[in-house]
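Input: a single structure, listed below in structure tokens.
FYI, it's all coordinate maths here, none of it is from the lab. Everything numeric in this text was worked out from a predicted model, so none of it was measured. As a convention, Cβ positions derive from the backbone with ideal geometry for all residues, glycine included, and neighbour counts pool all protein chains shown.
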Amino acid sequence: METCAVCNDQFNDGVQCTSCKKHLDFSCASISEIGWRKLGADRRAQWKCPACRASSPACRASSPALLSPQPTASLDTVLTELREMKQQLHDLPTLIHDIKSIKDELSELKKSCDFASGRLDDFDSRIGSLEAKASELGKLQDKVSSLQAEIASTKLELSGHDQRSRLNNVEIKGVPVKKDENLFLVLESISRKIMYSCDKTLINYISRVPIQNSKDKLIIVSFLNRYVKEDFVAAARAVKDLSTTDLGFPGAPQRIYVNDHLSVESKKLLNKTKYTAKEKGYEFVWVKHGKIHVRKNINCKPFIVRKETDLNKII
């Protein structure tokens, strides 16, 4: 049994960095077990963990940003600059139209000898000024595009951090709210039904959470160990008839669902993924380890959807 140098979780099978000699589980090593096996003995003997690869001279030479890190502007500052630049770009179509109009007029003027050279000089001056402004606005457009890309990257990073903070959590949906309820007893009833023993010492906390635009509330269970959480979800998903009847609620049975606890952004992305996959005839969409997986059919290789642009892979 080894202890992962990154997450401190214990594991039976993982990898060892040939540089720092640290042991990591497959998830923290950013490599799948199958991928590790396919490397072969020679390549495994030269394998380095992400931290050592990032600190190697070759990696630093190819990434100037690592040699001279630049301070990152706050999201509010970037958004303020973006609004100011968009306001400046508001007059760009008018300026371009004015330039075209003036150039057309100048072309006609040059054909006539009746116009004074001073008027022509005046038009040349106006054109030069407007072209200079248009050039500056063009540069602002490039900066706006760069800032938009930076904002998108920051949002993706924040969303990923939010989802990682929920990796130990389970979301239970469909259990009616009852006065003076004991959520630990509810969890025990579910555990008996799915035949998975869940000791109270394995739970960090359990609580009700409101559902947006609904009077119902979810039950969020936070486990102390991510692997216990994954086993609990797998056992629950194997039971297709888990319902309120199993928990002693009277009346018609209602389906109870046990899933990964996704962030708001991840839930929105999951809904969009399901809609797009259904539209394109994909058979499988599921969540594992807090990540959205898609597979067209049993003969196709699955892939992960991390951001909205990844939906373009569903073709």
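Filter the cross-link list Lys217/Lys274; Lys280/Lys301; Lys178/Lys240; Lys173/Lys229 down to pairs whose alpha-carbon distance in this structure exceeds 18 Å.
Lys217/Lys274; Lys178/Lys240
Dipole magnitude of the chain about its Cα centre, charges +1 at Lys/Arg Cβ and -1 at Asp/Glu Cβ only, in debye to the nearest 20?
That gives the chain a dipole magnitude of about 1440 debye.
With unit charges on the beta carbons (Lys and Arg positive, Asp and Glu negative) and the dipole taken about the Cα centre of the chain, which residue among Ser189, Thr18, Ile220 sits farthest to the positive side?
Highest projection toward the positive end goes to Ser189.
Provide the convex hull volume over Cα atoms per residue for the chain, in Å³.
Spelled out: Cα convex hull of the chain, divided by residues, is 265 Å³.
Rounded to the nearest 500, what is the chain's calculated 222 nm mean residue ellipticity when only DSSP H runs of at least 4 contribute -39500 (n - 2.57) each, over all residues?
-15500 deg cm²/dmol
Considering only Gly174, Gly248, Gly35, give the residue with the highest GNM mean-square fluctuation for the chain, with springs between Cα atoms whenever their separation is below 10 Å.
Top of the fluctuation ranking is Gly35.
Check the straight Cα-Cα distances from Lys86 and name the lysines below 30 Å, setting aside those fewer than 8 residues away within the same chain.
Within reach: Lys100, Lys103, Lys133, Lys139, Lys143, Lys155, Lys268, Lys272, Lys307.
What are the ³J(HN,Hα) values, in whole Hz, obtained from phi via the Karplus relation 6.51 cos²θ - 1.76 cosθ + 1.60 with θ = phi - 60°, for each residue of the stretch 299-307 in sequence order, with x given for Gly and Pro?
Rounded to whole hertz, the list is 8, 9, 7, x, 9, 9, 9, 9, 8.
Taking neighbour Cβ counts within 10 Å as the exposure measure, how do Phe123, Phe223, Phe184 sort from fewest upward?
The most exposed by this proxy come first: Phe184, Phe123, Phe223.
Label-point separation (nm) for Arg83 and Lys178, each offset 7 Å from Cα along Cα-to-Cβ?
Each label point lies 7 Å from its Cα, and together they span 5.0 nm.
Quick check on the exposure proxy: order Phe303, Phe26 from fewest to most C-beta atoms within 10 angstrom.
By the 10 Å Cβ count, ascending, the order reads Phe303, Phe26.
Tell me, Met1, Met195 in order of fewest to most beta-carbon neighbours within 10 Å?
Met1, Met195
For the chain, which longest stretch is free of loop sites, where a loop site is one of the trypsin sites (Lys or Arg not before Pro) that DSSP puts outside H, G, I, E and B and that has at most 10 other Cβ atoms within 10 Å?
Longest run free of exposed loop sites: 22-178.
Say the dipole of the stretch 252-315 comes from +1 at the beta carbon of Lys and Arg and -1 at that of Asp and Glu; which of Ile298, Val285, Leu262 then lies farthest toward its positive end?
Positive-end residue among those listed: Ile298.
What angle do you read, to the nearest 10 degrees and between 0 and 90, between the alpha-carbon axis of helix 226-238 and the longest principal axis of the chain?
For 226-238 against the chain, the angle is about 80 degrees.
By how many degrees, between 0 and 90 and to the nearest 10, does the Cα long axis of helix 264-279 differ from the longest principal axis of the chain?
Tilt relative to the chain: about 90 degrees.
So how strong a dipole does the stretch 169-260 carry about its Cα centre when Lys and Arg Cβ are +1 and Asp and Glu Cβ are -1, to the nearest 20 debye?
Once rounded to the nearest 20, the dipole reads 200 debye.
Expressed as a rounded percentage, what relative contact order does the chain have, with Cα pairs under 8 Å and six or more residues apart?
About 11 percent, as a whole number.
What angle, in degrees between 0 and 90 and rounded to the nearest 10, separates the Cα long axis of helix 117-164 from the longest principal axis of the Cα atoms of the chain?
10
Whole number please: convex hull volume per residue of the Cα set in the stretch 264-313, in Å³?
Taking only Cα atoms, the stretch 264-313 has a hull volume of 66 Å³ per residue.
Return the FRET efficiency for the residue pair Leu147, Ser19: r is the Cβ-Cβ distance, R0 is 30 Å, and the value is rounded to the nearest 0.05.
The pair Leu147/Ser19 has a calculated efficiency of 0.20.
Around Ser243, which amide H atoms from residues at least 5 apart in sequence, or from another chain, sit under 5 Å from its own amide H, with H modelled in the peptide plane?
Ile256
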